[in-house]
Amino acid sequence: MTETLFTKIIDREIPADIVYEDDQCLAFRDINPKAPMHILVIPKKVIPKLVDAEKDDEALLGHLMLIAGKIAADEGYGDAFRTVINNGEAVGQSVFHLHIHILGGRDFMWPPG
Ligand code: DGP
């Protein structure tokens, strides 16, 4: 399987503040938080970008979303959090291993900038 920065976190080669793990995904605090809660949920399977996900990944994507909501609730932000997936360098994706940002604990603009 392709190695990414995030597979190194999965494999504990790079330390991270891990908040959740199961057989399909890992969640850890962002190293450069943009909100009081800023957690990344990643699949253990390497999917570079959301657009690369396939029909077979449907259940995995649903699982990631359910876990994102559970983590936000566990962190105390169940009624006020935002999820973001950057797809592509032009919109800010810097790590090409699919990840859902979960952000909470401050005001957010709408529409997002
Ligand atoms: P994106 O820009 O959407 O690709 O988000 C990548 C995020 O990954 C960014 O918010 C910073 C975070 N990040 C990058 N390197 C590390 C790392 O080594 N550890 C942790 N915890 N987060 C990282």
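From the P(r) of the chain, can you give the percent of Cα pairs sitting at distances over 22 Å? Kindly include the intermediate steps, with their values, before the conclusion.
Details: 1831 of 6328 pairs.
Within the chain, distances greater than 22 Å cover 29 percent of Cα pairs.
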field: Dipole of the chain, positive end: most advanced residue of P36, H99, V19 [Cβ charges, Cα centre]
entry: P36
- request: Any chance you could give the angle, 0 to 90 degrees and rounded to 10, that helix 58-74 forms with the longest Cα principal axis of the chain?
  value: 40 degrees
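Looking at the range 4-113, which trypsin sites (Lys or Arg not before Pro) are in a loop (DSSP not H, G, I, E or B) and have at most 13 other Cβ atoms within 10 Å? Present the calculation step by step, with values, prior to reporting the outcome.
Details: sites: K8, R12, R29, K34, K44, K45, K49, K55, K70, R82, R106; in loops: R12, K34, K44, K45, K49, R106.
The qualifying sites are R12, K34, R106.
By how many nm would the segment from K70 to V51 lengthen if fully extended, with 0.36 nm per residue of separation less the alpha-carbon distance?
Details: separation 19, 0.36 × 19 = 6.84 nm, distance 2.42 nm.
Length gained, K70 through V51: 4.4 nm.
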query: Residues in the range 92-113 near a label at D79, defined as backbone nitrogen under 15 Å from the 7 Å Cα→Cβ point?
result: 105-106
Phi-based couplings in Hz for the range 36-48 (Karplus 6.51, -1.76, 1.60; Gly and Pro marked x): x, 10, 9, 10, 10, 10, 10, x, 5, 6, 7, 10, x
task: Pairs of lysines 8 or more apart, or on different chains, with alpha carbons under 22 Å: count those in the range 14-75, would you?
output: 6
field: Residue-by-residue Karplus 3J(HN,Hα) for the range 88-101, coefficients 6.51, -1.76, 1.60, Hz, glycine and proline x
entry: x, 4, 5, 10, x, 6, 10, 10, 9, 8, 2, 8, 9, 7
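Values in this text are rule-based calculations from the coordinates and carry no lab data. This is a predicted model, so every value here is computed, not measured. All Cβ positions, even for glycine, are placed from backbone atoms using ideal geometry, and neighbour counts span all protein chains on display.
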